[in-house]
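Below is one structure, written out as structure tokens; comments come after it.
The values are calculated or read from the model by the stated rules, or taken from the named source; none is laboratory data. Just so you know, these numbers come straight off a predicted model, no measurement behind them. A quick note on method: Cβ atoms are made from the backbone with ideal geometry, for glycine too, and the neighbour counts reach across all protein chains shown.
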Amino acid sequence: MAQEALRRLAFGLLLAAFAAGAFATPGPKDPAWASLTADQQQVLAPLAAYWNKLLPEQKRKWVGIAKRYPKMKPAGQVLVKRRMEAWAKLTPAQRWQARQQHRNLGKMSPERREELRRYWAEYQSLAPHEKRMFDVPPVDAPATEPKRRSAPRKPPAPALQPSPSLIYP
């Protein structure tokens, strides 16, 4: 008796899931810039120059942020705009490095993340001239990205020397 009820419940849930999927209106898988609303384009304006270079999942993420943007508090909107503008100014290598650092933060223990938050808050409270002590010259390529070696070079061909038999008859 219980098994029959469980089967009916599972069938009902499966049927409801299919029905919900059939009536859902999914967004575009790879939204083109022209398909965005004027409000979304205004919010995402810092990304317009390289929108076509973004991966589809990155575009969907940014469109999601643009959809939530009007509901944000003004302070949140300013923060989103500032971060988006900073992100747009990064080189692809710097963006790659930022993504790697974000992934690594997610792998850290909560205690280590809290320790890093304390260090960051301490750094933020420093005077500008004290912060400059920590400046590091920019790196062209991320440190963890392996450098590709070119194919081994062939030794130069020996210079042609005239044969003694040709010079002296």
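Residues that are assigned to a loop (DSSP other than H, G, I, E, B) and of a type in the set (D, E, K, R): does region 66-74 have at least one?
Among the residues of region 66-74, at least one is assigned to a loop (DSSP other than H, G, I, E, B) and of a type in the set (D, E, K, R), which makes the answer yes.
Just for region 14-53: of the residues that are modelled with pLDDT under 90, assigned to a loop (DSSP other than H, G, I, E, B) and not polar (S, T, N, Q), which one is farthest from Ala86 (Cα to Cα)?
Per the stated criteria, the residue is Ala24.
So that you can scan it fast, the table gives a plain yes or no per residue for (1) in contact (Cβ under 8 Å) with a residue 24 or more places away in the chain; (2) surrounded by 14 or more Cβ atoms within 10 Å (Cβ to Cβ):
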{"site": "Trp62", "(1), (2)": "no, yes"}
{"site": "Ile65", "(1), (2)": "no, yes"}
{"site": "Pro70", "(1), (2)": "yes, no"}
{"site": "Pro74", "(1), (2)": "no, no"}
{"site": "Leu79", "(1), (2)": "no, no"}
{"site": "Arg83", "(1), (2)": "no, no"}
{"site": "Ala86", "(1), (2)": "no, no"}
{"site": "Pro92", "(1), (2)": "no, no"}
{"site": "Gln100", "(1), (2)": "yes, yes"}
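Could we say that Arg118 is under 30 Å from Leu55 (Cβ atoms), of a type outside the set (S, T, N, Q) and out of contact with any Asp or Glu (no Cβ under 9 Å at 6 or more places or on another chain) here?
Taking the combined requirement at face value, the residue does not satisfy it.
If you check Gly106 against the conditions, is it within 30 Å of Ser35 (Cα to Cα), assigned to a helix (DSSP H, G or I) and not polar (S, T, N, Q)?
Judged against the criteria, Gly106 is not a match.
Take Arg112 and tell me if it is farther than 30 Å from Asp39 by Cβ, of a type outside the set (A, V, I, L, M), modelled with pLDDT of 90 or more and surrounded by 10 or more Cβ atoms within 10 Å (Cβ to Cβ).
yes
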